[in-house]
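Below: the structure, in structure tokens.
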Amino acid sequence: MLRAMLRHAPASRADVARLTGLSRPTVSEVVRDLLEEHVIVEADASKGVGPGRPGTHLAFHPSGAQVIIVDLSDPRHLDAALSTPGGNVLHRHRRAWGHGGSRPADVIEMIGEVEGQAGGNLVAIVIAASSHAEVVEEVRRAVRVPVHVFDPADLAADIEYLLGERGGGSLVLIQAGADVAVAVRECDAAGVLLERPAGAGRLSSSTWSLEELAPSLAVLATALGVPQVIVSGEHARRLAGMMRSAVRSPHVRVSVSDLDDSVARAAALAVALRPEQ
């Protein structure tokens, strides 16, 4: 339900039922819980044009529910942000990994520093990591809120699907950072996600250069039959340029992600991806 609200808020209960396919009683029950958790609020009544009582808009609480995301994908820096479901960034923090120290301790200390800036209800911590299993387990033991873990490329693909200008359509997401990862989101004709694959495919850029990877990635993107190829990450513009030259199909469009605040948007998305919702 929160996924639908991310794309369509403010929305009435009837709108949410229509967008999600949930029954009215189910929507009312979930809305009640989210209102109590201060994740959403009731806004001004909608302007109904027909008979009957106009519906009430539901919107994300501007500061009530807060999420911390910690991005472990950069081997040099540890990034974190405090955000609300609507994408409002309340605090941002970056620090170098400790030299010779404990990585779990570094992450837990940083979470504590960011949590100290939280002025509302902290509802989740999301960790963007393709490995670091020992870090995740230590964090789960140390904090009092749910911890969600996503592959960074999978998280970026979800963000593009839900919040990007091309959101809601099939796409291949290629994240070009310390390594290169590929995640696919495929939709039906109505823009409904068919399946959310678990785990992005990863290629080590220390073994292969971007120049060597670009032709193979172009062939892969064409073979997948998905028209949108979106490249994000530190080397996005460079890799996208090389892929455009390598793509042979006129039906495949390669572009650079237009979401320039992926850490904060991922934090907002973490709430929408809570399994119980």
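The values are calculated or read from the model by the stated rules, or taken from the named source; none is laboratory data. Treat the numbers as computed from the prediction; the structure is a model and nothing was measured. Methodologically, a virtual Cβ is constructed for each residue, glycine included, from the backbone with ideal geometry; neighbour enumeration extends over all protein chains shown.
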Please state which one of 176, 189 is buried (at least 24 other Cβ atoms within 10 Å of the Cβ) and among the small types (Gly, Ala, Ser).
176
Within region 35-63, track down each residue that is surrounded by 19 or more Cβ atoms within 10 Å (Cβ to Cβ) and at pLDDT below 85.
39, 40, 60, 61
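Condition check ((1) touching a Lys or Arg at 6+ places or on another chain (Cβ under 7 Å); (2) in a strand (DSSP E or B); (3) at pLDDT below 90) across all residues:
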position	(1), (2), (3)
91	no, yes, yes
101	no, no, yes
107	no, no, no
111	no, no, no
118	no, no, yes
137	no, no, no
141	no, no, no
Please state which one of 90, 72 is out of contact with any strand residue (DSSP E or B) (no Cβ under 6 Å at 6 or more places or on another chain) and hydrophobic (A, V, I, L, M, F, W, C).
72
Selected residue (criterion: modelled with the highest pLDDT) from residues of region 252-276 that are more than 11 Å from the chain's Cα centre (by Cα) and among the charged types (D, E, K, R):
253
Consider residue 36 carefully, then state whether it is of a type outside the set (Lys, Arg) and under 15 Å from residue 61 (Cα atoms).
yes
Checked region 160-174 for anything within 13 Å of the chain's Cα centre (by Cα) and either more than 23 Å from residue 122 (Cβ to Cβ) or part of a strand (DSSP E or B) (or both); matches are 160, 161, 164, 167, 173
Search result, residues across region 54-82 that are in contact (Cβ under 8 Å) with a residue 24 or more places away in the chain, in a loop (DSSP other than H, G, I, E, B) and charged (D, E, K, R)
74
Matching option when the condition is among the small types (Gly, Ala, Ser) and part of a strand (DSSP E or B), among 181, 189, 157:
181
Single match in 104, 85 (criterion: on the phi < 0 side of the Ramachandran plot, touching a residue at least 40 places away in the same chain (Cβ under 8 Å) and either surrounded by fewer than 18 Cβ atoms within 10 Å (Cβ to Cβ) or in contact with a strand residue (DSSP E or B) (Cβ under 6 Å, 6 or more places away or on another chain) (or both)):
85
Under the condition of being out of contact with any helix residue (DSSP H, G or I) (no Cβ under 7 Å at 6 or more places or on another chain) and under 13 Å from residue 41 (Cβ atoms), which residue from region 6-17 is modelled with the highest pLDDT?
10
Sole residue being modelled with pLDDT under 70, surrounded by fewer than 17 Cβ atoms within 10 Å (Cβ to Cβ) and more than 24 Å from residue 6 (Cα to Cα), chosen from 249, 206:
206
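The rows are residues; the columns are (1) modelled with pLDDT under 90; (2) buried (at least 16 other Cβ atoms within 10 Å of the Cβ); (3) of a type in the set (D, E, K, R); (4) over 23 Å from the mean Cα position of the chain (by Cα).
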{"position": "218", "(1), (2), (3), (4)": "no, yes, no, yes"}
{"position": "226", "(1), (2), (3), (4)": "yes, yes, no, no"}
{"position": "234", "(1), (2), (3), (4)": "yes, no, yes, no"}
{"position": "243", "(1), (2), (3), (4)": "no, yes, no, yes"}
Exactly one of (1) crowded, with 18+ Cβ neighbours inside 10 Å; (2) modelled with pLDDT of 90 or more is unmet by residue 164. Its number?
(2)
Failed condition for residue 212, given (1) crowded, with 18+ Cβ neighbours inside 10 Å; (2) outside the structural domain of residue 85 (by TED's automatic domain parsing); (3) modelled with pLDDT under 90, with all others met?
(1)
Matching entry among 246, 264 (being of a type outside the set (S, T, N, Q) and touching a Pro at 6+ places or on another chain (Cβ under 6 Å))
246
